[in-house]
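To keep things clear, I will list the structure first and then write my remarks on it.
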Amino acid sequence: MNRFSRPAASLLAALALPSPGSAAPAAEPFRVGGAVLEPVDSASLPGFPGPDAAATLAAFRRTCRAPPATPQPATVAGAPEALRAACTRAESVPDAEAARFFAEAFTPYRIARPPAGGKPETRTGFLTGYFEPELVGAARPSPEFTAAVLARPDDLVSLEPGETRPGLDPALRAARRTGDGFEAYPDRAAIEDGALGARARPLLYLRDAVDLFVLQVQGSGRVRLTDGRAVRVLYDGRNGRPYTSIGKLIVAEGHLPLDGLTLARWTGWLRANPQHAARLMRANASYIFFRLAEIDDPSLGPPGGAGVPLSPGRNLAVDANLWRYGLPFWLEGRIAGAAEPGRLVVAADTGSAIVGPARGDLYLGTGAEAGIAAGNLRDPVGFVVLLPKSGASAP
């Protein structure tokens with residue numbers, strides 16, 4: 001993957017932004033992940049910053065208040081000092097002034113792919129949606145609840161972006177600690193066949209392997225236990241193996257068409273076709289481990305990569321190797337059937353399938369309705385990143 005190759009702290013210098021009243025010096029276009037960032041006037045963005053900028057301001061403040069749960073490379077775009085200054089200013093901005101804050105504290109840049117290899121320039125990216133599933137579970141196994149949700153094993157070593165271990169494939173993002181070093185962590189099939197041994201520690205049990213697979217694809221969920229309690233099940237690491245989309249496999253084998261392939265449809269097909277289900281699920285070598293947490297605010301989702309609870313419709317998962325958590329993005333397009341021509345969101349999460357500068361996954365909430373909306377969101381949209389101005393803390 002191409003990455004922004006300059007230190008994040010030198011971002012504004014790389015942009016060669018002029019001081020007020022001065023002429024802009026000639027400079028190479030600012031690039032992130034192979035895309036060119038073109039400065040635009042926020043007034044030229046139809047609908048910006050949307051009818052409810054205060055909701056995005058609240059999401060921005062939440063992201064500002066917590067340190068990232070997942071470290072990011074030093075090379076991500078978004079000058080940390082300038083972003084911290086914008087965070088400081090945001091704390092004293094009244095909700096009624098949210099639109100003015102985003103217009104004054106940030107400079108918008110449209111993300112464009114330059115022409116290459118005979119392909120024309122493109123100014124659109126791809127937006128999908130994700131959600132927090134609500135599932136039914138039990139504290140102990142039974143004929144009705146057979147799929148164990150596993151805790152993080154004590155021999156799992158997660159690797160940061162760019163980090164490797166001797167003898168391991170650099171593409172692997174986790175390793176297994178052994179007596180004399182490290183080895184590749186078992187894949188999904190091996191884990192299901194008992195490769196973890198005593199290190200397989202169940203936290204609770206879901207109805208079946210399909211519910212567990214959904215939980216792992218989404219990365220977290222709420223589980224209502226048979227004793228009446230509700231708990232949140234949060235991501236706590238993965239085996240580092242590559243992710244394979246089961247939807248693509250189902251379509252590629254001709255079982256279902258791509259058009260209308262919603263979560264409800266493919267999970268229903270898996271349950272109706274158990275002779276294919278286990279094989280297709282095991283083709284996804286990636287395996288997710290979890291931890292339990294209380295549900296503090298039912299209106300918010302689980303913590304994302306930025307370490308703060310996600311706000312439905314206001315938080316975006318981005319390529320965390322390219323963009324710093326906390327950066328606002330203006331999505332150009334009618335999102336999830338909304339009447340507005342765009343939406344202002346805040347980067348606060350990431351995902352293994354979210355790769356590239358103009359690729360995003362919009363968090364849409366909890367439960368079945370959010371799941372339907374997420375399954376239907378697969379749209380080409382324009383991506384405009386808002387980079388914090390130097391001196392953003394000024395009134």
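The values are calculated or read from the model by the stated rules, or taken from the named source; none is laboratory data. In this text, all values refer to a predicted model and were calculated from it rather than measured experimentally. Ideal geometry is used to build each Cβ from the backbone, glycine not excepted, and the neighbour counts take in all protein chains shown. For the accessible areas, the whole protein counts, side chains as well, though only heavy atoms, and no ligand, DNA or RNA atoms are used. Shrake-Rupley method; radii C 1.70, N 1.55, O 1.52, S 1.80 Å.
Evaluate 2.2 N^0.38 Å with N set to the residue count of the stretch 205-275, then give the Cα radius of gyration divided by it.
Normalised Rg, Cα atoms only: 1.27.
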**Net charge of Cβ neighbours under 15 Å - reference Asp297; Lys, Arg +1; Asp, Glu -1** = +3
**Asked** Ratio of Rg to Rh for the chain, alpha carbon only, Kirkwood?
**Response** 0.98
**Item:** Amide hydrogen neighbours beyond the local backbone of Arg152, cut-off 5 Å, H modeled
**Value:** Phe290
**Asked** Counting Lys and Arg as +1 and Asp and Glu as -1, what is the net charge of the other residues whose Cβ lies under 11 Å from the Cβ of Leu261?
**Response** +2
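Looking at the square roots a ≥ b ≥ c of the eigenvalues of the Cα gyration tensor of the stretch 51-122, which shape do they give, rounded for a/c under 1.5, prolate if a/b is larger than b/c, or oblate? Provide the component values of the computation, followed by the final result.
On the way: a/c = 2.65, a/b = 1.55, b/c = 1.71.
Verdict is oblate for the stretch 51-122.
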**Under-5 Å amide H pairs with Ala347, H placed in peptide plane, nonlocal only** = Leu316, Gly326, Leu327, Phe329
**Prompt:** Using θ = phi - 60° and the Karplus curve 6.51 cos²θ - 1.76 cosθ + 1.60, what whole-Hz ³J(HN,Hα) does each residue of the stretch 288-302 get, with Gly and Pro shown as x?
**Reply:** 10, 10, 9, 9, 9, 8, 6, 9, 7, 10, x, 7, 10, x, x
**Request:** Would you please report the Å³ per residue occupied by the convex hull of the alpha carbon atoms in the stretch 70-212?
**Result:** 256 Å³
**Item:** Under-5 Å amide H pairs with Gly365, H placed in peptide plane, nonlocal only
**Value:** Glu132, Gly313
**Message:** Using a probe radius of 1.4 Å on heavy atoms only, what accessible surface per residue do you get for the stretch 217-316? Whole Å² is fine.
**Reply:** 45 Å²
**Prompt:** Quick one, what does Rg over Rh come out to for the stretch 142-255 if you take C-alpha atoms and the Kirkwood Rh?
**Reply:** 1.00
**Prompt:** If you place +1 on the Cβ of every Lys and Arg and -1 on the Cβ of every Asp and Glu, how big does the dipole about the Cα centre of the chain come out, in debye to the nearest 20?
**Reply:** 340 debye
**Prompt:** For the stretch 315-395, what is the Kirkwood hydrodynamic radius in Å, using each pair of distinct C-alpha atoms?
**Reply:** 13.6 Å
**Asked** On the accessible surface of the chain, probed at 1.4 Å, how many percent belong to carbon and sulfur atoms?
**Response** 53 percent
**Request:** Determine the relative contact order of the chain: mean sequence separation of Cα pairs under 8 Å and six or more apart, normalised by residue count, in whole percent.
**Result:** 26 percent
**Request:** Quickly rank 198-204, 382-388, 234-240 as a protection proxy: mean count of other C-beta atoms within 10 Å, highest first.
**Result:** 382-388, 234-240, 198-204
**Complete:** Check: C-alpha center the stretch 237-289 vs C-alpha center the stretch 100-119, spacing in Å is 35 Å
**Prompt:** If we sort 179-189, 216-226, 46-56 on the protection proxy, mean other Cβ atoms within 10 Å, highest first, what's the order?
**Reply:** 216-226, 46-56, 179-189
**Asked** Once the dipole of the stretch 241-342 is set up with Lys and Arg at +1 and Asp and Glu at -1 on Cβ about the Cα centre, which of Ile250, Gly313, Leu261 lies farthest towards its positive end?
**Response** Ile250
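Using a 1.4 angstrom probe, figure out how much accessible area the stretch 94-171 has per residue, in square angstrom, rounded to the nearest whole. Before the final figure, lay out each step's value.
Working: 4010 Å² over 78 residues.
Here the residues of the stretch 94-171 average 51 Å² of exposed surface.
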**Complete:** Toy charge model, Lys and Arg Cβ at +1, Asp and Glu Cβ at -1: the stretch 156-242 dipole around Cα centroid in debye, rounded to 20, equals 380 debye
**Prompt:** Which of the GluC sites (Glu not before Pro) found in the stretch 56-164 are loop residues per DSSP with 15 or fewer other Cβ atoms within 10 Å of their Cβ?
**Reply:** Glu91, Glu121, Glu144, Glu163
**Item:** Counted charge near Tyr205, where neighbours are those whose Cβ lies closer than 12 Å (Asp, Glu -1; Lys, Arg +1)
**Value:** -1
